[in-house]
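First up is the structure itself, then whatever we jot down about it.
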Amino acid sequence: MMSATHQAGQYKRAGCVPNRTRHGTLFANRRQAMTRSEDRRIQRTQQLLRTSLLELVKEKGFEALSVQEIIDRANVGRTTFYAHFSNKEELLMCGFDELRVLLKQRQREARTRQDERLFAFSREMFEHVSEHRDVFRAMVGKRSGAAVQRRLQELLIELVREDVKLALPALRAMPAQREPVVRFVAGAFFGLLGWWLDDKPHLTAAEIDRRFRQLAVPATNAAAQAA
């Protein structure tokens, strides 16, 4: 029987295609229209697979899942799965690519405002984790959970670093002073997130986000002034 790795190599994978948030131009040529149509088809397929994965993780955990169970739940063929992903781990991590696009968009939008420029991604991140609370809890202590935690930390550090560099010019040209601020804020966010998931489920995403911002924004501004 052909191994999953060898089988995956037979197909040109589409990769993770984030859901589009804006429409294209009104007058597009036929090739552009076909590309958008193909993108939408890919997005629908990948969304089916991700939804099926998350449902199954809540039911039985990630480690025990097989690709066959995922495609059975999604009602897609094995060939279709491997046209998009090489394994279930890649499917799991694909969700972070979509989340990254969304959070980056929030950052760009916030640059036009003065009141919430710093860490504008935080509310969206808390809401995302809250929405998938059962999935995160089902993976705690597992190898897959550790991988998710690392990816989430990497994403947080990337987002915080970008905000610190752009919003605090005094720290922009001084990586040795900037990076401790980045790590401090990202670590605080991650620690607060874990505390919220474990001990304070009654707090809403908006409430925990407000508490984070009340602590993180003044601390970051103080670090800029001390530079």
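The values are calculated or read from the model by the stated rules, or taken from the named source; none is laboratory data. Just so you know, these numbers come straight off a predicted model, no measurement behind them. Quick note on the areas: whole protein, heavy atoms, side chains included, nothing else; ligands and nucleic acids left out. Shrake-Rupley method; radii C 1.70, N 1.55, O 1.52, S 1.80 Å.
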### Message
For segment 71-137, what does the accessible surface come to per residue with a 1.4 Å probe? Please give it in Å².
### Response
48 Å²
### Query
Which sequence of Arg117, Arg50, Arg44 reflects their accessible areas, 1.4 Å probe, from the largest down?
Arg44, Arg117, Arg50
